[in-house]
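My structure is below; once you've seen it, I'll send some questions.
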Amino acid sequence: MGVEGLRRLRVALLLSVLLSGVLTGCSQVQIESRPFDLPTSAEQAVPAKPSEHNVAILAIDFDPPLDTIASIRDLDGVNLIIAVENSGLATERDLTVRAELRLDNRDPAPVLVRLTTIDQIAPGEIKVVRLRGLSEIPIRPEYWLKVRALPVAGESNVTDNQRIFRLRLGNLTQ
């Protein structure tokens, strides 16, 4: 098995561990991943050689899982867990990860923003960051979550820096 095969296996294992809490007991919670909207002219072929600088959002999860949340007060104890990978060839420093919660995907103003910084991430390394507390949001059956690793200096392919998720929470009470 080559380096790329090992990388894919490692990512698959990480995703299965991260998402195991989200995918169990989802009778009231649904998380739907949306592709990042790019104009078709921005589509790029996969380069034969990895880029010098490239970071990516791999997956998200919630701790505790969202299907255990019954009321808006419970959201204060929820942590958003984000897996970020450095798939470039250079160590990156001071990488900012931003999460925005919106009531509507077309709404330019988020109702909640959380930021964190990864001090350093080596080539091929996957780091998991935790953003705490989702309080102070209005009760809605649906939210849109945009998670983004801000581009690093010299990064040219940013298509994998952002993921958008549609969160459907049923029976959430005051």
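Among residues belonging to the stretch 125-152 that are modelled with pLDDT of 95 or more and over 14 Å from the mean Cα position of the chain (by Cα), point out the one that is surrounded by the most Cβ atoms within 10 Å (Cβ to Cβ).
Step by step, filter the stretch 125-152, then rank; the result is VAL152.
Please enumerate the residues belonging to the stretch 61-119 that are under 16 Å from the mean Cα position of the chain (by Cα) and among the β-branched types (Val, Ile, Thr).
Passing the criteria: VAL78, ILE81, ILE82, VAL84, THR96, VAL97, VAL113, THR116, THR117, ILE118.
With the condition being of a type in the set (Asp, Glu), closer than 17 Å to ALA56 by Cβ and touching a residue at least 60 places away in the same chain (Cβ under 8 Å), I'd like the strands (runs of 3 or more DSSP E) fully within the stretch 70-174 carrying at least 1 qualifying residues.
Per the criteria, 79-86, 92-102.
Hey, another quick one. Are any residues in the stretch 153-173 at pLDDT 85 or above and of a type in the set (S, T, N, Q), and if so, which ones?
Residues satisfying the conditions are SER156, ASN157, THR159, ASN161, GLN162.
Within the stretch 88-100, count every residue that is in contact with a Pro (Cβ under 7 Å, 6 or more places away or on another chain) and crowded, with 20+ Cβ neighbours inside 10 Å.
Looking only at that region, the number is 1.
Would it be correct to say that VAL158 is aliphatic (A, V, I, L, M) and under 15 Å from the mean Cα position of the chain (by Cα)?
yes
The values are calculated or read from the model by the stated rules, or taken from the named source; none is laboratory data. Please read these numbers as outputs of a predicted model, since none were measured by experiment. Cβ: placed from backbone, ideal geometry, glycine included. Neighbour counts: every protein chain shown.
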